[in-house]
Amino acid sequence: MSALNRSVRTLASKNLRSPFPANLQSRASPAAPLTTLSTRQRTSPRTTQVSTLKRFSTMSPLQSGAPPPPQAREYDPEIKDIASYVHHTPINSDLAFDTARFVFLDTLGCGLEGLRFKECTKLLGPIVEGTVVPNGTKVPGTPFQLDPVTGAFNIGAMIRWLDYNDCWLAAEWGHPSDNLGAILAVADWISRTNRAGGNLGNGKVITIKEVLEAMIKAHEIQGCLALLNSYNKVGLDHVVLVKVASAAVVSKLLGLSEKQTADAVSQAWVDGQSLRTYRHSPNTMSRKSWAAGDACQRAVNLVLKVMKGEPGVPTVLSAPVWGFYDVLFKGNKFEFQRPYGSYVMENVLFKVSYPAEFHSQTAIEAAKNIHKQLADQGKSAADIKEITCRTHEACIRIIDKQFKPMDNFADRDHCIQYMAAVMLVYGRLEATDYTDGGEAATSPLVESLRQKIKCVEDPQFTLDYHNENMRTIPNALTVTLNDGTVFEEVVVEAPLGHRLRREEAKPEILAKYKRHLGPHYSEAKVKELVDLGNDAKRLEAMAVDEYVDLYVSKDSKFV
């Protein structure tokens, strides 16, 4: 044996006899000086080693049979407030319930429209093909009956696919009706299970009014957390708020206690959070269309774990070094503008006119006006030399992509220049205008015009966007033609779905809902669903499973 090998074996033998190097054994006993050993340590080295091991070993409590010490810790106040709101705050606002009914119908319609796109439907259905879950969640517009976790993904993904459901714009933006993916899946599963003799959620069969109340509270949680806190500025996607809000309200539907709701909410905060990179160049892709479905399924999954006895993470937000604030929010705490109530649902924005990212809605409306002006003068988009879009800061940050190549559907429906250009060229903007290989996507005129549209921030527009009494989403277009003609600037401050234009929008919301039902159901079924949606009292009193059954499509041509 070589001298080197003998040396290695001798060192290994010493290390096996003592699990810690000598210097760590010295540091492990704070009472002992580093340069000398006490008489007891000198005469009883074995005692010292055992004592040191007990101090470091995680096994000693298990070996002793003693229960772990109690760790009753206070939950972060932000989590306690959410749990208290969900369990103890009644919703007495007629405006909130009326708005929630329109959101409910509109969101279901958006989901049905999403089913018309194979990119969406290829992701839907059971994890294992052919699986049918007894008393499981039924997915509207499909024959699928799934477990509630997979059901939440299916419903959440189809709702969000076309970026056409409601919207909330503040320091953070998002789509609060995304939460319906989790709410509807769980409420339907609870009701079917209890009819079959189960005892979920205290054995109740849930009504549509209870679904609307859960929607109001989920909207409020997501929206209030977004008012003054920007998650996108630290690179996180807004679907973290869908996960938190869904976990909160779903836990209540399932009959969990206030403490368990806090547990579930804390688990949602500690869960891995989605990076926003899939919404931005160079990584823009279809995940942005199913990210909310992913958040819904994660929320339901976490709540079910808590229901089985999993504890929460009390200081998940505030824990030094390891908490959400220090790890993911640059050490900042959440700020709040108002207590939880029903403000968000009452002020939510509907996407009525166009399947487009909401910061562009008023720009597209202005472009429609200009398209008409061009036609009236015998001109077209080909006569445009340049366009200036005066806008707000959030629009520039999210969808200003003047020269970025349009590689896919996700690029196009998040580019204000592309969407305005399509309207200027064709006088329309529809979901099919984003599709690869489509007329608009392959148009040289659309592409050249897109690169002629320059966005500039108007600080007042940005202030109006954040003003809690206004929350407008202003855009203004100024067009210069090749012959030097300059059109008067067209300004649109609030889109049709804004609270300031709500009554004007209601007939259009119902027309949109009816339009989305058409490809899936007979005229008689469409009329039945629209009439039911218009009858608030009858709709609210209906059991959720019976209502969802009206949307089942066993022979769907889309899935």
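The values are calculated or read from the model by the stated rules, or taken from the named source; none is laboratory data. No experiment lies behind these values; they were computed from the predicted model shown. Cβ placement follows ideal geometry from the backbone for every residue including glycine, while neighbour counts extend to all protein chains displayed. Side chains included, ligands, DNA and RNA excluded: accessible areas come from the protein's heavy atoms. Shrake-Rupley method; radii C 1.70, N 1.55, O 1.52, S 1.80 Å.
The residue that is nearest to Y164 (Cα to Cα), among those in region 177-207 that are out of contact with any helix residue (DSSP H, G or I) (no Cβ under 6 Å at 6 or more places or on another chain) and among the charged types (D, E, K, R), is K204.
In region 122-138, the residue that is surrounded by the most Cβ atoms within 10 Å (Cβ to Cβ) out of those that are out of contact with any helix residue (DSSP H, G or I) (no Cβ under 7 Å at 6 or more places or on another chain) and aliphatic (A, V, I, L, M) is V133.
Only residues that are in a loop (DSSP other than H, G, I, E, B) and either open to solvent by less than 10 Å² (accessible area, probe 1.4 Å) or basic (K, R) (or both): list them for region 139-150, please. Walk me through how you get there before you give the answer.
Applying the first criterion (in a loop (DSSP other than H, G, I, E, B)) to region 139-150 yields 139-144, 147.
Passing the criteria: V139, P140, G141, T142.
For region 398-421, the set of residues classified as open to solvent by 60 Å² or more (accessible area, probe 1.4 Å) and touching a residue at least 12 places away in the same chain (Cβ under 8 Å) consists of F403, D407, listed by residue number. Residues that are under 20 Å from the mean Cα position of the chain (by Cα) and part of a loop (DSSP other than H, G, I, E, B) within region 106-138 comprise L115, L123, L124, listed in sequence order. Going by the conditions given, is E335 touching a His at 6+ places or on another chain (Cβ under 6 Å), surrounded by fewer than 23 Cβ atoms within 10 Å (Cβ to Cβ) and modelled with pLDDT of 95 or more? Answer is no for this residue.
Taking the condition part of a helix (DSSP H, G or I), within 23 Å of the chain's Cα centre (by Cα) and farther than 28 Å from L146 by Cβ, does Y325 pass? Before the answer, list the steps.
Working: part of a helix (DSSP H, G or I): yes; within 23 Å of the chain's Cα centre (by Cα): yes; farther than 28 Å from L146 by Cβ: yes.
Yes; evaluated as a whole, the condition is true for this residue.
A Cβ distance below 7 Å, combined with a sequence gap of six or more or placement on separate chains, defines the contacts here; from region 360-381, residues that are open to solvent by less than 10 Å² (accessible area, probe 1.4 Å) reach residues that are among the β-branched types (V, I, T) and part of a helix (DSSP H, G or I) in the pairs S360/I399; S360/I416; A363/I416; A381/V425. Looking only at region 314-328, residues that are under 15 Å from D271 (Cβ atoms), of a type outside the set (A, V, I, L, M) and surrounded by fewer than 22 Cβ atoms within 10 Å (Cβ to Cβ) come to 2 in all. When region 151-167 is filtered for residues that are farther than 17 Å from E113 by Cβ and either open to solvent by 10 Å² or more (accessible area, probe 1.4 Å) or part of a loop (DSSP other than H, G, I, E, B) (or both), only F153 remains. V352 versus (1) in a helix (DSSP H, G or I); (2) in contact with a Leu (Cβ under 9 Å, 6 or more places away or on another chain): which is the lone unmet condition? Just one mismatch for V352, condition (1).
Hey, can you tell me all the residues within region 254-298 that are aromatic (F, W, Y) and farther than 30 Å from L115 by Cβ?
Of region 254-298, the ones aromatic (F, W, Y) are 269, 278, 290.
Within region 254-298, W269 is the sole residue that qualifies.
Going through V486, V446, V456, V492 one at a time, which residue ends up being over 30 Å from the mean Cα position of the chain (by Cα) and in contact (Cβ under 8 Å) with a residue 24 or more places away in the chain?
On the way: V486 fails: in contact (Cβ under 8 Å) with a residue 24 or more places away in the chain; V456 fails: over 30 Å from the mean Cα position of the chain (by Cα); V492 fails: over 30 Å from the mean Cα position of the chain (by Cα).
Within the list V486, V446, V456, V492, the selection yields V446.
Count of region 285-313 residues, restricted to those that are open to solvent by less than 10 Å² (accessible area, probe 1.4 Å) and either closer than 25 Å to G331 by Cβ or of a type in the set (K, R) (or both), is 2.
When V300 is tested against (1) within 14 Å of the chain's Cα centre (by Cα); (2) assigned to a loop (DSSP other than H, G, I, E, B), only condition (2) is not met. Within region 332-349, count every residue that is closer than 30 Å to Q417 by Cα and in a loop (DSSP other than H, G, I, E, B). The number of residues fulfilling the criteria is 1. Does W189 meet the test of being of a type in the set (F, W, Y), buried (at least 24 other Cβ atoms within 10 Å of the Cβ) and touching a residue at least 12 places away in the same chain (Cβ under 8 Å)? For W189, the condition - of a type in the set (F, W, Y), buried (at least 24 other Cβ atoms within 10 Å of the Cβ) and touching a residue at least 12 places away in the same chain (Cβ under 8 Å) - is met. Has region 424-434 got any residue that is open to solvent by less than 20 Å² (accessible area, probe 1.4 Å), without any contact (Cβ under 8 Å) to a residue 60 or more places away in the chain and under 16 Å from N369 (Cα atoms)? The answer is yes, given that some residue of region 424-434 is open to solvent by less than 20 Å² (accessible area, probe 1.4 Å), without any contact (Cβ under 8 Å) to a residue 60 or more places away in the chain and under 16 Å from N369 (Cα atoms). Is it the case that G223 is assigned to a helix (DSSP H, G or I) and either open to solvent by 10 Å² or more (accessible area, probe 1.4 Å) or farther than 22 Å from P339 by Cβ (or both)? The answer is no for G223.
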